[in-house]
Amino acid sequence: MEAEPVPPIPNQPTAEAVITVEGLVKRYRGAAANAVDGVSFDVAPGEFFALLGPNGAGKTTTISVLTTTLLPTSGSVLVAGHDVARDAAAVRRAAGIIFQSPSLDLNLTAEENVRFHAVLYGLAPMRPTFALMPAGYKARVHELAEVLGIREAVFHPVRTFSGGMKRKLEILRSLIHRPRILFLDEPTTGLDPSSRRSLWQYLETVRQDGGTTMVLTTHYLEEAEKADRICIITHGRVVSLGTPARVKADLVQNYLLVDAADRAALKAELSRSGMAFSGDGPLRLDTPAADVHRVLRAIETPLHLVQTHTPTLEDAYLEIVERPAAPDGAGPPAPLPAGGESEAAA
Ligand SMILES: Nc1ncnc2c1ncn2[C@@H]1O[C@H](COP(=O)(O)OP(=O)(O)O)[C@@H](O)[C@H]1O
Ligand SMILES: [Mg+2]
């Protein structure tokens, strides 16, 4: 008789994805091609997730589906466990949204903008002045304004605000109902560098304070590099997905340039030993950094030139962005890199 099987070690509670996007397709009415063309990704609770891509890549369209502004053409999208197509109201309760174009009423004070939002979300009854609003609402406004560093300004008309302040106010407003997930569509576009920096510091605070999951779109690579994971999309398709380190390892190919006084002998030797090379002048060997030493030791022809090249992530990103769209019917989107985020190469 067989021994009783050892009971399995109970599963560690795995963090359930807070957003699951599977095979999302969106085609606008009358459009010749899909704006979003089979996009899939997950976002973990508390994660800072960046959708990176050039103009027209499909970022706003994706965010609009995730925030129930647009219905998907096909595919499935769950946000905080709710299907965006079937349970839009529940999704909206779980999400805060910062749109690409500002949506504040400039004639109202900052607090009045926040108040109308709170009333709209059913968080508080409408009262004609801040003083008459319920204590809970007032405390929340003070708390958020404090974090934002716009304590006094919160009672000033929005038209006196700088671009950076307006953005912060929109973020404050969207946090008033304590959303689990904050969606931000290109929040730093149009801001000067110092406002951009201060907005980023603020987003960092929001994230650390409340453990809010953040999904942000950007076309700035250096912003995406600060995220936990990056999803690069171009022409409505995912071209790379993972930690910044992993995306970098995926995209960036190190190479070695070598040359010898007797180039013919060098070529002959490389061919003989099965080392692939390219180039008419100095020869290019596509060599991972870890292999450089081994490759150089193996070459016997005297070399007079040895250069290692590591393209920057910026180079790699530009190269991807400038690639033309795959023709229609070109088959499924480029395969995603296999999982294993934790073993990302540095
Ligand atoms: N309302 C719309 N109707 C038709 N096509 C649209 C509409 N909005 C966006 N598009 C097209 O969908 C594609 C993706 O756009 P968008 O999601 O705005 O990209 P991104 O936010 O990355 O710049 C683009 O080709 C754009 O022209
Ligand atoms: Mg956009």
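SER74 sits among other residues whose Cβ lies under 11 Å from its own Cβ, and their net charge, with Lys and Arg +1 and Asp and Glu -1, is 0. Of all beta bridges that DSSP places with both ends in the chain, some 60 percent have antiparallel geometry.
Neighbours of PRO157 by Cβ distance under 12 Å: Lys/Arg scored +1, Asp/Glu scored -1, total -1.
Among rounded, prolate and oblate, which fits region 129-285 when a ≥ b ≥ c are the square roots of the eigenvalues of its C-alpha gyration tensor, a/c under 1.5 means rounded, and a/b larger than b/c means prolate? Taking the square roots of the gyration eigenvalues as a ≥ b ≥ c, region 129-285 is prolate.
Rounded to the nearest 20 debye, the dipole magnitude of the chain is 1240 debye, with +1 charges on Lys and Arg beta carbons, -1 on Asp and Glu beta carbons, and the Cα centre as origin.
Rounded, prolate or oblate for region 92-193? Axes are the square roots of the Cα gyration tensor eigenvalues, ordered a ≥ b ≥ c, and the cut-off for rounded is a/c under 1.5. It is oblate, given that a/c is not under 1.5 and a/b is not larger than b/c. Farthest toward the positive end of the dipole of the chain, out of GLN208, THR68, VAL25, is the Cα of THR68, where the dipole comes from beta carbon charges about the Cα centre.
Answer rounded, prolate or oblate for region 3-150, using the Cα gyration tensor with square roots of eigenvalues a ≥ b ≥ c: rounded when a/c is under 1.5, else prolate when a/b is larger than b/c, else oblate. Numbers along the way, then the final one.
Numbers: a/c = 2.44, a/b = 1.34, b/c = 1.82.
Oblate shape, in that a/c is at least 1.5 and b/c is the bigger or equal ratio.
What is the magnitude of the charge dipole of region 254-310 about its Cα centre, with +1 placed on the Cβ of each Lys and Arg, -1 on the Cβ of each Asp and Glu, and no other charges, expressed in debye to the nearest 20?
80 debye
The stretch between LYS267 and LYS226, if pulled fully straight at 0.36 nm per residue, gains 10.5 nm over its current Cα-Cα span. What is the helix-to-structure angle for 163-175, meaning the angle in degrees between its Cα long axis and the longest Cα principal axis of the chain, kept from 0 to 90 and rounded to the nearest 10? Tilt of helix 163-175: around 70 degrees. Close amide H partners of ALA44, meaning residues 5 or more places away or on another chain with modelled amide H under 5 Å apart, are VAL18.
Only Cα pairs under 8 Å and at least 6 apart count here; give the relative contact order of the chain as a rounded whole percent. All intermediate terms of the calculation are to be shown ahead of the outcome.
Numbers: 562 pairs, mean separation 65.0, N = 346.
Over the chain, the number comes to 19 percent.
Around the amide H of GLN100, modelled in the peptide plane, lie the amide H atoms of ASP185, all under 5 Å away and 5 or more residues distant in sequence or on another chain.
Scaled against 2.2 N^0.38 Å for its residue count N, the alpha carbon radius of gyration of the chain is 1.27. Mind pulling the angle between the C-alpha long axis of helix 135-148 and the longest principal axis of the chain? Nearest 10 degrees, somewhere in 0 to 90. So the inclination is approximately 40 degrees. Quick check: the angle from helix 263-272's long axis to the longest principal axis of the chain, C-alpha only, nearest 10 degrees? Computed tilt is about 80 degrees.
Can you give the helix-only mean residue ellipticity at 222 nm for the chain, where every DSSP H stretch with n ≥ 4 adds -39500 (n - 2.57) and the sum goes over all residues, rounded to the nearest 500 deg cm²/dmol?
Working: 11 runs with 109 residues, N = 346.
Here the helix-only value at 222 nm equals -9000 deg cm²/dmol.
Could you give the distance between the Cα centres of region 195-212 and region 69-117, to the whole Å? Going from one Cα centre to the other spans 20 Å.
Since every read-out is calculated from the coordinates, none of them should be taken as a lab result. Given the structure is predicted, the values throughout are model-derived calculations rather than measurements. Neighbour counts are summed over all protein chains in view; Cβ atoms, including those assigned to glycine, are modelled from backbone coordinates with ideal geometry.
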